[in-house]
Amino acid sequence: MICLGIETSCDETSVAFVEDAVKIKANLISSQVEIHSEYGGVVPEIASRKHLENINILIDQALQQSAISWNQVNLISVTKGPGLVGALLVGAAAAKSLAAALNLPLVGVNHLVAHVYANFLEHSELEFPFIALVVSGGHTCLVKMREHFSWETLGTTRDDAAGEAFDKVARILSLGYPGGPIIDKLAAKGDPKKIRFPRSYLESNSLDFSFSGLKTAVMNAQKRGEFKNFSIEDTAASFQEAVVDPLVEKTKRAISNTGIKQVLLAGGVACNTRLREKLKQASQELNFSLYYPSPKFCTDNAAMIACAASFLYQKGVQEELTMDVIPQLEGFLS
C-alpha cells in the first residue's frame, strides 16, 4: 500500500510517499525558517502563502523522486491539526482535491500522534507497550500506548511547552529564531551548572510540565543585568539544563509508575542533544530501552503523517471529503 502524506501545519511544507507504512519512497521538506527568522517567529499569513506556492511543486518532485505514478497510490493523508489554521487549510485542500480526483480514501492525522509514529519509520523492532515523551514547540506530554492508537495521557504541559520556552528565551537573549537549535549549539560549549535556574516539578506525584516560571525567571534576570558576568554559552547551557531535567525526571516517574520499559522520544525538541544524552543516561540507570528518530524525522515532515495514516487506515479509519481542519486539536484520541 502506497500512501501520499501532506504536512503543512506550521512553517514546513512537506510531501512524502510511503509504502506499507514504513518504507519511505520520497520525503521532501521545504522549510521557511529563513523567511520567518527576521520576524523572530512564524508569521501565519506568510506561512500560508508559502505553502500555497510550494505544495504542488513538492508533489510533482516527490512523484519524480519516488518513481511512483498516480495509479499506484492507494491512500491520501494529511495533517488535520493541531497547527495554524491557514497553513492546515492549504494541505487539506490539496489532499481533498487529490482524493476526489483520484477516487482514493482520505485519512486526516493528528500531528502529535504522527510525531510518535516517526519512530516506526526507523525502528522496526518496536513492540507494545511503551511510553512516549512528545516534546515540541507547542506541546509537551507523556503518554502510554498499549497498542496502535490506544493512548492514555499521563502528563501534559500546564502552560508553556518546552519548545516554546526555548524560542521565547532565545528571543529574550536576542539569539535569533528558531531558538531550540541555537541554544543547543551554544550550550554544547557552556557549563550547565554555572547558573541555577528554577525547575518546576509540581506536585510530588505529578507527571505534568510547567516552563512558564523558568521563562519568567530568565526574563527577569536579563532585565536586572544578571547575565553580564556569564558567557552566553554558560547561560544557554544552564537554561537548557533547567528544561531538560524535568523532562527526564517525569519520564523516570512514568516508568516507575507503569513498569513499562520502552520509551519513545518524539517531536522537534527530540533533536536536542542534551535531552538525548540525559535520557540515555537514565536508560542505563533504570534499564529501559530508549528510541528516537533521526533529526530529519523529529521536525515536521510528511513521512510521519503517511506512516500514522497507513496504520489508521488499517484500523478502518477514513475521512469524508468534508473533513475540517482542527487548529486546536488536543490529545491523542482524535
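Looking at this structure, is residue 63 over 25 Å from residue 20 (Cβ atoms), over 19 Å from the mean Cα position of the chain (by Cα) and modelled with pLDDT of 95 or more?
no
Could you please let me know if residue 184 is in contact (Cβ under 8 Å) with a residue 12 or more places away in the chain, in contact with a Leu (Cβ under 7 Å, 6 or more places away or on another chain) and surrounded by 15 or more Cβ atoms within 10 Å (Cβ to Cβ)?
So residue 184 fails the test.
For the subset of region 150-172 comprising residues that are in a loop (DSSP other than H, G, I, E, B) and out of contact with any helix residue (DSSP H, G or I) (no Cβ under 7 Å at 6 or more places or on another chain), which member is surrounded by the fewest Cβ atoms within 10 Å (Cβ to Cβ)?
Out of the qualifying residues, it is 158.
Just give me the residues in region 1-60 being touching a Phe, Trp or Tyr at 6+ places or on another chain (Cβ under 9 Å) and more than 29 Å from residue 172 (Cβ to Cβ), in sequence order.
Residues satisfying the conditions are 1, 2, 3, 4, 5, 21, 22, 24, 25, 26, 27.
Name the helices (runs of 4 or more DSSP H) wholly inside region 238-331 in which the number of residues that are of a type in the set (Asp, Glu), at pLDDT below 95 and surrounded by fewer than 19 Cβ atoms within 10 Å (Cβ to Cβ) is 1 or more.
Of the helices (runs of 4 or more DSSP H) lying wholly inside region 238-331, none has at least 1 residues that are of a type in the set (Asp, Glu), at pLDDT below 95 and surrounded by fewer than 19 Cβ atoms within 10 Å (Cβ to Cβ).
Among the residues of region 180-202, which ones are of a type outside the set (A, V, I, L, M) and assigned to a loop (DSSP other than H, G, I, E, B)?
Passing the criteria: 189, 190, 191, 192, 193, 194, 196, 197, 198, 199, 200, 201.
Does any residue in region 160-178 that is under 15 Å from residue 267 (Cα atoms) and touching a residue at least 12 places away in the same chain (Cβ under 8 Å) come within less than 6 Å, Cβ to Cβ, of a residue that is of a type in the set (S, T, N, Q) and surrounded by 22 or more Cβ atoms within 10 Å (Cβ to Cβ) six or more places away or on a different chain, and which pairs are these?
Correct list of pairs: 161/140; 162/140; 163/136.
Does any residue of region 17-24 turn out to be modelled with pLDDT of 95 or more, part of a helix (DSSP H, G or I) and in contact with a Cys (Cβ under 9 Å, 6 or more places away or on another chain)?
no
In region 46-64, what residues are buried (at least 16 other Cβ atoms within 10 Å of the Cβ) and among the polar types (S, T, N, Q)?
48, 54
Going by the conditions given, is residue 256 more than 24 Å from residue 124 (Cβ to Cβ) and touching a Phe, Trp or Tyr at 6+ places or on another chain (Cβ under 7 Å)?
The answer is no for residue 256.
When you scan region 92-99, do you find a residue that is assigned to a helix (DSSP H, G or I), at pLDDT below 95 and surrounded by 15 or more Cβ atoms within 10 Å (Cβ to Cβ), even just one?
no
Exactly one of these conditions fails for residue 328: (1) in contact with an Asp or Glu (Cβ under 8 Å, 6 or more places away or on another chain); (2) under 22 Å from residue 10 (Cα atoms). Give me its number.
Here residue 328 clears every test but (1).
Only one residue in 31, 69 is within 24 Å of residue 319 (Cα to Cα) and among the polar types (S, T, N, Q), so which one is that?
69
The values are calculated or read from the model by the stated rules, or taken from the named source; none is laboratory data. This is a predicted model, so every value here is computed, not measured. Glycine also receives a Cβ, built like all others from the backbone with ideal geometry; neighbour counts cover every protein chain displayed.
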